[in-house]
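Some notes on the structure that comes next.
The values are calculated or read from the model by the stated rules, or taken from the named source; none is laboratory data. Fair warning: this is a prediction, and the values are worked out from it, not measured in the lab. Because the Cβ atoms are built from the backbone with ideal geometry, glycine has one as well, and the counts that use them run over all protein chains shown. Just the protein is used for accessible areas: all its heavy atoms, side chains included, with ligands, DNA and RNA removed. Shrake-Rupley method; radii C 1.70, N 1.55, O 1.52, S 1.80 Å.
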Amino acid sequence: MALAPLRILITGGTGYLGQFLIRDFALEPGPKKFKVWYTSSKGDALPNLPASIRHVRADFSEAEGVAQFMAAVRELRPHVVVHTAAMASPGACEKAPEVAMKINAPQGLLDALLAMSTQPDAEGGSWQRPLLIALSTDMVFSGSKEQHDQYRETDAPQPVNVYGQSKVAMEELLLNGMSGTTGACEQSDRETRLYYDLVILRSSNILGPPAPLAAIKGTKFTQWLAASLADVQRTGLSDSVGTGDQSINAADYKPLTLFHDEYRSYVYVGDIVRVVAALIQMRETSADADAFRRSVPQVLNMGGPDALNRVQVAHEVAAALGTRLTCSVRAEAGEEAQVITVEKPKIIPTSRTSVDLGYPSPLNIAMDSSFLMQSLGLPMTNINVALRRALN
């Protein structure tokens, strides 16, 4: 008799990462079958999905949205909850800290799982309690380490902005399993009273191709850099060897100003999907929940193997595109206003500390993710490989 498919609930499913998770778990062909539902804070469902992939409106900042989420959990009874929903803009969080705390440290998520735990699943088998995979951020760290040093899971969170503070609040909420519980406790003590199996993934900035199912609000860093660095070909003009004229007018020269002193361990979106899949596989194949908890830490850093600043990322994007880091700029020179062409840089490095972002921002939040790679047996993708996949 065929086993019933695992039931997965993805919060924030219309967001960038959520769309890749839905595509890979619900739409990609393969021997493993999943029943996938997803949430968004708005009423907008993703287009052209099968009816079996149900959309649920769930806004953790309001009572009605929490009630809708709890109703969905009661009906679906998920084996796995992948929590990606967040108020992810540091600037927006700084302007509305109370809303950021409600969304990013959602008590409604815990309430829904607690309510589900009081009614055991008749077909649960080894899944007597769900697996909760929650996305956190590298911004839980202060960024005060030296340039070539990296944060580890043993480093204490010290966020410098509201976004980071709200994610630390989420981590504490999920680790304690109740609202308002403070103070340190051993992981084994926490696990005995949690009603879910928990893995928190502290993600760095995500790189990858465009969202696969629908356009998202704003432009992702990878695509913005690629569009900004691409050579613009002037149609109808050619030089003596027949190649297109890629020079621009001086008025059109607008180089990118990028930070050279802000370091992050940029992570490939495909790696995050593989990490989530590996965690589900490990939980499913573990003899019991205790075996899984012994194998996988509750908090894991999740960054790529390369700690880079934004200028270095731009250089990698240019290499992946096969485009130059300079552009030909036409200018008039001399008394006869002769037109000459000058090579100018497409990138102007600048210090992050010289720019007011409207919120405090850590400088070096590079992370050591070796613990994750060892626990799951998964290598993380180098940025040059990740960008070639994303852009080609």
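Result for the chain in a Gaussian network model with C-alpha springs under 10 Å: among 283, 152, 324, the largest mean-square fluctuation is at 324.
Per-residue ellipticity at 222 nm from helix content only, as computed over the chain with -39500 (n - 2.57) for each DSSP H run of at least four residues, stands at -9500 deg cm²/dmol. A Förster radius of 41 Å combined with the Cβ-Cβ distance from residue 152 to residue 339 puts the calculated FRET efficiency at roughly 0.15. Of the residues 15, 65, 322, which exhibits the maximal mean-square fluctuation in a Gaussian network model of the chain defined by a 10 Å Cα contact cut-off? Highest fluctuation of the listed residues: 322. Taking each residue as 0.36 nm, the span from residue 246 to residue 216 lengthens on full extension beyond its C-alpha to C-alpha distance by 7.7 nm.
Among 51, 250, 169, which one moves the most in a GNM of the chain with springs linking Cα atoms closer than 10 Å? Its mean-square fluctuation being the largest, the pick is 51. Taking the accessible area of the chain, probe 1.4 Å, and keeping the other protein chains in place, the carbon and sulfur fraction comes to 52%. The slack in the chain from residue 169 to residue 277, taken as 0.36 nm per residue of separation less the alpha-carbon distance, amounts to 36.3 nm. The alpha carbons of segment 335-392 give a radius of gyration and a Dmax of 21.1, 69 Å, in that order. Per residue, the convex hull spanned by the Cα atoms of the chain measures out at 174 cubic angstrom. Accessible surface for the chain, divided over its residues, is 47 Å² per residue with a 1.4 Å probe. Annotation for segment 2-47 versus segment 252-299: alpha-carbon center distance of 18 Å.
Computing Rg and the Kirkwood Rh from the Cα coordinates of segment 14-146 gives a ratio, Rg/Rh, of 0.99. Taking Lys and Arg as +1 and Asp and Glu as -1, the other residues whose beta-carbon sits under 13 Å from that of residue 379 total -1.
Among the trypsin sites (Lys or Arg not before Pro) within segment 38-113, which fall in a DSSP loop and have no more than 15 other Cβ atoms within 10 Å of their own Cβ?
On the way: sites: 42, 54, 57, 74, 95, 102; in loops: 42.
Taking segment 38-113 and a limit of 15 other Cβ atoms within 10 Å, the loop trypsin sites (Lys or Arg not before Pro) found are 42.
Modelled label positions at residue 44 and residue 385, each set 7 Å beyond Cα in the direction of Cβ, lie 3.5 nm from each other. Kirkwood hydrodynamic radius of segment 288-392, from the reciprocal of the average inverse Cα-Cα distance over all distinct pairs: 18.2 Å. Converting phi to 3J(HN,Hα) with the Karplus coefficients 6.51, -1.76 and 1.60 and the offset θ = phi - 60°, segment 269-278 yields 4, x, 5, 5, 4, 5, 5, 4, 4, 5 Hz in sequence order, with x at every glycine or proline.
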